[in-house]
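A.B. asks: Before I ask anything, let me first share the structure, which is written out below as structure tokens.
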């Protein structure tokens, strides 16, 4: 049994998600200790717990210690089945964080895996679902990974109630990804949404983001879609707004996002997302700081090299977890908080 120390590095939920996914892929049991030890509320939170239970269902596995607040867990996977996985997070726990655990494992199934996850789609401290759909999955497709998702309903803090459905196909052709420096920005796109709120919130967010991007890159076209609902026809449980913008380059997409808050003007939200993206683009590196760590488990199996706008603690942690299973896989050049380069020096063969 592989023993993983959950207090390593940033000591967050990422260790749990990646370790369990790799356990399912390899079939090797894993014991994770000191789960989220460096967080103010250590142990499993709802979104982590539901990720564990979803992987248990996917792999017909057994688990010990799967309860809220638990700081130690043992996981015994069996085989990855082609099936339908349903995850009902009863809070606004992040759907995208559950998918971060599920995605690497699902594509190693023998057939198609369908999924249905209820919870938070646009919540603090996790990737918005639009980022996952338009930036992460776009990059994974370059590696040969095929995953489709559909946002049926959004869920904001504190009510949650969002619904995302999708399908993951077997990863048949593993293509190495070379994403170093981009040469051209073809266009900017984005989605600005407001639910259970006046339509002008989404419109103002989009306008502010568009103006900021046009000022920074006057020759690059910008198209930001506005998503809002008529009163009485809004299916969402609670109010919320947010915006995700991304740059279409000659290699990948880089993104920026922001969430609305009570008392925070829509214009501030829009500019925040645009400025975050503009900051990512300054280095010329093809992978933004949010995507880098998400690619690590897939790169291990496909090979390649990525240059990131910033090396984050999440990225360093994910590299460490992968190498607990397979030994030295990556060569990382750069410091946390600065641009860097990550190269696969030994591709994992199962």
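The values are calculated or read from the model by the stated rules, or taken from the named source; none is laboratory data. The model shown is predicted, which means the values in this text are computed figures rather than measured ones. Here Cβ is always computed from backbone atoms with ideal geometry, including for glycine, and neighbour counts include all displayed protein chains.
A.B. asks: What residue, of 73, 102, is crowded, with 24+ Cβ neighbours inside 10 Å, farther than 26 Å from residue 141 by Cα and at pLDDT 95 or above?
C.D. replies: Among 73, 102, only 73 is crowded, with 24+ Cβ neighbours inside 10 Å, farther than 26 Å from residue 141 by Cα and at pLDDT 95 or above.
A.B. asks: While we're looking at this one, here's another question. I'd like to check something: does region 24-34 contain any residue that is touching a residue at least 40 places away in the same chain (Cβ under 8 Å), part of a strand (DSSP E or B) and either crowded, with 24+ Cβ neighbours inside 10 Å or touching a helix residue (DSSP H, G or I) at 6+ places or on another chain (Cβ under 7 Å) (or both)?
C.D. replies: Checked against the condition, which is being touching a residue at least 40 places away in the same chain (Cβ under 8 Å), part of a strand (DSSP E or B) and either crowded, with 24+ Cβ neighbours inside 10 Å or touching a helix residue (DSSP H, G or I) at 6+ places or on another chain (Cβ under 7 Å) (or both), region 24-34 yields at least one hit.
A.B. asks: For region 56-67, check the following and say yes or no: at least one residue is surrounded by 21 or more Cβ atoms within 10 Å (Cβ to Cβ) and within 28 Å of residue 139 (Cα to Cα).
C.D. replies: Taking every residue of region 56-67 in turn, at least one turns out to be surrounded by 21 or more Cβ atoms within 10 Å (Cβ to Cβ) and within 28 Å of residue 139 (Cα to Cα).
A.B. asks: I'd like the full set of residues that are in contact (Cβ under 8 Å) with a residue 24 or more places away in the chain, in contact with a strand residue (DSSP E or B) (Cβ under 6 Å, 6 or more places away or on another chain) and not in a loop (DSSP other than H, G, I, E, B), limited to region 115-133.
C.D. replies: Result: 115, 116, 117, 118, 119, 120, 122, 129, 130, 131.
A.B. asks: Does residue 131 qualify as being assigned by TED's automatic domain parsing to the domain that holds residue 41 and crowded, with 18+ Cβ neighbours inside 10 Å?
C.D. replies: Spelling it out, residue 131 is indeed assigned by TED's automatic domain parsing to the domain that holds residue 41 and crowded, with 18+ Cβ neighbours inside 10 Å.
A.B. asks: Could you check, for region 39-48, whether at least one of its residues is in contact (Cβ under 8 Å) with a residue 24 or more places away in the chain, in contact with a helix residue (DSSP H, G or I) (Cβ under 9 Å, 6 or more places away or on another chain) and either over 20 Å from residue 125 (Cβ atoms) or assigned to a helix (DSSP H, G or I) (or both)?
C.D. replies: Taking every residue of region 39-48 in turn, at least one turns out to be in contact (Cβ under 8 Å) with a residue 24 or more places away in the chain, in contact with a helix residue (DSSP H, G or I) (Cβ under 9 Å, 6 or more places away or on another chain) and either over 20 Å from residue 125 (Cβ atoms) or assigned to a helix (DSSP H, G or I) (or both).
A.B. asks: Now for a separate question. I need the full set of residues from region 94-114 which are over 20 Å from residue 195 (Cβ atoms) and either free of Cβ contacts under 8 Å to residues at least 24 places away in the same chain or not in a helix (DSSP H, G or I) (or both), in order please.
C.D. replies: 107, 108, 109, 110, 111, 112, 113, 114
A.B. asks: Next question. Would you be able to say whether some residue in region 165-173 is assigned to a strand (DSSP E or B) and not assigned by TED's automatic domain parsing to the domain that holds residue 295?
C.D. replies: For region 165-173, residues assigned to a strand (DSSP E or B) and not assigned by TED's automatic domain parsing to the domain that holds residue 295: absent.
A.B. asks: Can you say whether residue 216 is under 30 Å from residue 152 (Cα atoms) and in contact with a helix residue (DSSP H, G or I) (Cβ under 9 Å, 6 or more places away or on another chain), as far as the supplied structure shows?
C.D. replies: In short, no.
A.B. asks: Same structure, new question: Looking only at region 5-14, count every residue that is touching a helix residue (DSSP H, G or I) at 6+ places or on another chain (Cβ under 7 Å) and either at pLDDT 95 or above or not in a helix (DSSP H, G or I) (or both) and tell me the total.
C.D. replies: Total meeting the criteria: 4.
A.B. asks: Another question, then. Would you mind stating whether residue 199 is out of contact with any helix residue (DSSP H, G or I) (no Cβ under 9 Å at 6 or more places or on another chain), in contact (Cβ under 8 Å) with a residue 12 or more places away in the chain and either surrounded by 15 or more Cβ atoms within 10 Å (Cβ to Cβ) or over 30 Å from residue 303 (Cβ atoms) (or both)?
C.D. replies: Spelling it out, residue 199 is indeed out of contact with any helix residue (DSSP H, G or I) (no Cβ under 9 Å at 6 or more places or on another chain), in contact (Cβ under 8 Å) with a residue 12 or more places away in the chain and either surrounded by 15 or more Cβ atoms within 10 Å (Cβ to Cβ) or over 30 Å from residue 303 (Cβ atoms) (or both).
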